[in-house]
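The values are calculated or read from the model by the stated rules, or taken from the named source; none is laboratory data. The structure displayed is predicted, hence computed values, not measured ones. Neighbour counts are summed over all protein chains in view; Cβ atoms, including those assigned to glycine, are modelled from backbone coordinates with ideal geometry.
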Amino acid sequence: MSTFLRRHWLLLLLLAGGVALRVVTWLAYQPALLYIDTFRYLGNLEELRPTDLNPLGYTLLLKFLLEFGGFAWVQAAQHAMGILLALVLYRLAMRYTERGWLAAIVAAPVLLDAYQLQIEANLMSEILFQALLVGMLWALLSRGELTWKRAALAGALLAGAVLTRTIGLVVAVPFGLFLLFAFGGLKTWKTRAGRRHVAGRTLAGLAGLVLVMFGYMSYYAVHAGQFGLTGATNNVLYGRTATFADCSKLSDEGLRLMCPEEPLGERKSVDYYTHFQYGSSAWPEEPLPDERDKATLARQFSYTVIMNQPLDLLGEVLYDFGKNFVPVKETFHNDVPAERWHFQSHYPYHDVGTETPQVYQAWTLAYDDELPHADRALASFMRDYQQNGGYTWGPLLAVFLLLGILGAVGVGKARRSPLRSGAFLGTGSALIILAGSSAFEFSWRYQLPALVLLPIGGVLGLAAMFGMGKKPAGGGRRPKMDDYPDDVDTAAVSEFRSRYGEAPLSPLVVVIAAYNEAKGIKPVLQNMPTHCGDIPVSTLVVVDGATDGTAEIAREAGAYVCEAPKNRGQGGALRLGYHLAAECGADWVVTTDADGQYDNNELPMLMKPLLDGTADFVTGSRRLGSGKYDSSVRWLGVRVFAWLASILTMQKITDTSFGFRAMPADLGASVTLREPQYQASELLLGVMAKGARVLEVPMTMELRNNGASKKGGSIKYGANYSRVMLGTWLREYVLRGGKRRPYVRRTAPQTDERKPA
């Protein structure tokens, strides 16, 4: 259980917030929020007419859910679907990355976005549309090789999305391209077996899509006499083109009759021309020419305007598309009011006719035996949450979009990464839905599918570019360690005690973690002082599963050696050293590296503030002293991470990764350390969270005396170092409330006269 909590703690934190917000929303608006479209669904529950403005997908779900309860039950079910969506997306991300913090980023928008919460409280089709799209992603990406059966299931789910919201039809483009080129690209087509596999899954996926669609369209044909999906085709296209049509270019008398009365520059909204003007039985007033009906004229008008003004149409669409990524969700000129998707401090009534309140009340009384109402305190809380930033920031969605595109086109390591296909599917689906919606009109409601598609696409793109994908068994980033002592610690301590006894170490112990450092560790040990002032110094080398004779060379040089039977990383070796030193009689612990980067003669300078009682943790700083860097990226990284740590801890820090440091033995053993590698910031932020007084002193850092760093290249090192620093801060400062009281030593030094010369 402890391992599970450590691995998924960020998701669990977000999940708790998401559940709490949904409970508050459900209690705030009873029995549910009803929008204009809601009454179209409710009015079609019995007859199930496919020719209405909305397709039947959500109507069928609503009819099913209402068999078990009223509107309040439906709202609760939709909130549960929102939670399930977040969990499915998280699991899908973990399938490819195994990094809990990355996967939690994918789930966060669905769990915490107030616009998502508001639409779940509405009896509206968006939540089902999102669920079907995520189901398609799961079928295509969830596990193993993409079989024809899973492709067919994905096609059927996509068809279900189209029959819920017809804009889903545009996803057929990235869906088809994914089936043709995913997991291998053009290479898959070079062999006969590859071509057969791709052809099989593609035909199965398209068959799943087409068969479901054909079945529905046949049902439509029974009612309408022709194949179709919805009765909204003509008015939707007319509404968009009416806003920018240049009527002077129309020579056909019938088409001129369809042109709006308002001149260019004073036109009303797409929504107005779609629903109010075209939807009015009294419009147009003049007799229609020849034998063309209103639908035919609207269709011809739209096509003619598009042919005459293609650039105007493109400009309108691009402008609306760009609105998805602005920082503040506001109402743009002639757009659907953003207030429709805002929580209100009262129960909101939307205009559905002359007797709007009575219509609302009749439906809620029929299904829930109560009038629609809001809890003012809870409703105000949700409104404040939404208005004060409780939504996914538009520029963040743009970042997800950019990362997804870069990963999909193969930037960096993505070229050969299996995550590239997933980045394409998620990002491509979101991109084409947002673009397709913008081709009609902009509404913040139409952005909601992006909340479930852009984050997963962006995260997979990021992981693909930087090689952060899931590795085969035995590879990849080492998992976090269990609490001390784990099996490796126990075996190492047992062997050490059998060799050296119970308390062989002096009051000051220098701990060195070493993995395959046979070529460089001998001069480091030969130059180690035997005393620091009057305090005798012991050197403890923790050999981290080395295979090159490091342990033998360290013993020959006079060091105490503790051998870990398994390589875990520098963090595991140092943690073992801290605890072993404390258990074997040490008052003070100093750490240094086995590669000769630090000047052992600076040990008295490092220890002086501890012995004077002016600090509890002393670390060197190459920025206050002098340091050499193996690359300009490392030079920059030292400064960036120092700035980040200073912001997080509210204390000025100049160097977070300096390995020459000193502390009381009990302090090092008391800090929670679970990172097997990249552990410097975990220790630093851990001791600061315990209230320890941290002091930096100017010191020297040279380049390694041999070999190369085992922590990977600069980009990988930076990404992992950031992960550890932020994760430690969240754990120690946010969850555990760090710095509640100052650090107090558990044991005092054996004498007050041990001071460096």
Among helices (runs of 4 or more DSSP H) entirely within region 347-419, at least 2 residues that are closer than 30 Å to Lys187 by Cβ occur in 394-409
*Return a yes/no flag: does region 298-320 have any residue that is closer than 30 Å to Leu45 by Cα, modelled with pLDDT under 95 and not small (Gly, Ala, Ser).*
yes
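To keep it simple, each residue is scored yes or no on (1) modelled with pLDDT of 95 or more; (2) assigned to a loop (DSSP other than H, G, I, E, B); (3) of a type in the set (Asp, Glu).
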| site | (1), (2), (3) |
| --- | --- |
| Ile433 | yes, no, no |
| Ala439 | no, no, no |
| Phe442 | no, yes, no |
| Tyr446 | no, no, no |
| Ile456 | yes, no, no |
| Ala463 | no, no, no |
| Pro472 | no, yes, no |
| Pro479 | no, yes, no |
| Pro485 | no, yes, no |
Residues of region 315-346 being over 24 Å from Phe400 (Cβ atoms) and not in a loop (DSSP other than H, G, I, E, B), in sequence order, are Gly315, Glu316, Glu339, Arg340
The residue that is nearest to Leu14 (Cα to Cα), considering only those in region 31-48 that are in contact with a Ser or Thr (Cβ under 7 Å, 6 or more places away or on another chain) and part of a loop (DSSP other than H, G, I, E, B), is Pro31
Those residues of region 80-124 which are of a type outside the set (A, V, I, L, M, F, W, C) and part of a helix (DSSP H, G or I) amount to Gly82, Tyr90, Arg91, Arg95, Tyr96, Thr97, Gly100, Pro109, Tyr115, Gln116, Gln118, Glu120
Filtering strands (runs of 3 or more DSSP E) wholly in region 547-646 for at least 1 residues that are of a type in the set (Gly, Ala, Ser), surrounded by 22 or more Cβ atoms within 10 Å (Cβ to Cβ) and in the same structural domain as Ala662 (by TED's automatic domain parsing) gives 560-564, 617-627
By residue number, the members of region 341-395 that are of a type in the set (S, T, N, Q) and closer than 22 Å to Tyr41 by Cβ are Gln344, Thr354, Thr356, Gln358, Gln361, Thr364
Restricting attention to region 208-216, does a residue exist that is buried (at least 21 other Cβ atoms within 10 Å of the Cβ) and closer than 22 Å to Ala298 by Cβ?
no
Restricting region 49-72 to residues that are part of a helix (DSSP H, G or I) and free of Cβ contacts under 8 Å to residues at least 40 places away in the same chain, the one surrounded by the fewest Cβ atoms within 10 Å (Cβ to Cβ) turns out to be Phe64
Does Ser714 qualify as being of a type in the set (S, T, N, Q) and modelled with pLDDT of 75 or more? no
Restricting attention to region 717-757, the residues that are of a type in the set (A, V, I, L, M, F, W, C), part of a loop (DSSP other than H, G, I, E, B) and modelled with pLDDT of 70 or more number exactly 1
Is it the case that some residue within region 221-242 is surrounded by fewer than 18 Cβ atoms within 10 Å (Cβ to Cβ) and farther than 17 Å from Thr51 by Cβ? no
Residues of region 196-238 being without any contact (Cβ under 8 Å) to a residue 12 or more places away in the chain, under 21 Å from Leu158 (Cα atoms) and not in a helix (DSSP H, G or I), in sequence order, are Phe227
Verdict on Ala362 being small (Gly, Ala, Ser), under 38 Å from the mean Cα position of the chain (by Cα) and not assigned by TED's automatic domain parsing to the domain that holds Asp252 = no
Ala491 meets each of (1) at pLDDT 90 or above; (2) touching a His at 6+ places or on another chain (Cβ under 9 Å); (3) within 19 Å of Glu563 (Cα to Cα) with one exception, condition (2)
Given the conditions (1) part of a helix (DSSP H, G or I); (2) of a type in the set (A, V, I, L, M); (3) over 25 Å from Ala32 (Cα atoms), every one holds for Leu146 apart from (1)
Within region 492-524, restricting to residues that are surrounded by 21 or more Cβ atoms within 10 Å (Cβ to Cβ) and part of a helix (DSSP H, G or I), the one that is nearest to the chain's Cα centre (by Cα) is Ala492
- prompt: Would a scan of region 6-24 turn up a residue that is among the charged types (D, E, K, R) and under 28 Å from Phe381 (Cβ atoms)?
  reply: yes
The number of residues in region 358-411 that are in contact (Cβ under 8 Å) with a residue 40 or more places away in the chain, among the acidic types (Asp, Glu) and within 22 Å of Val19 (Cβ to Cβ) is 1
Exception for Gln597 within (1) farther than 17 Å from Val697 by Cβ; (2) modelled with pLDDT under 90 falls at (1)
### Query
Does Ser248 count as farther than 26 Å from Asn54 by Cα and free of Cβ contacts under 8 Å to residues at least 12 places away in the same chain?
yes
Q.
under 30 Å from Leu735 (Cβ atoms), assigned by TED's automatic domain parsing to the domain that holds Gln387, more than 20 Å from the chain's Cα centre (by Cα) and surrounded by fewer than 23 Cβ atoms within 10 Å (Cβ to Cβ): is that true of Leu27 in this structure?
A. yes
Just one listed residue, out of Val459, Val452, Val411, Val399, is surrounded by fewer than 18 Cβ atoms within 10 Å (Cβ to Cβ) and out of contact with any Gly (no Cβ under 7 Å at 6 or more places or on another chain), and it is Val411
Restricting region 343-357 to residues that are in contact (Cβ under 8 Å) with a residue 60 or more places away in the chain and either surrounded by 14 or more Cβ atoms within 10 Å (Cβ to Cβ) or within 19 Å of Val110 (Cα to Cα) (or both), the one farthest from the chain's Cα centre (by Cα) turns out to be Val352
Could you say whether any residue in region 373-388 is touching a Pro at 6+ places or on another chain (Cβ under 9 Å) and of a type in the set (Gly, Ala, Ser)? yes
Filtering region 594-615 down to residues that are of a type in the set (D, E, K, R) and touching a Pro at 6+ places or on another chain (Cβ under 7 Å) yields Lys608
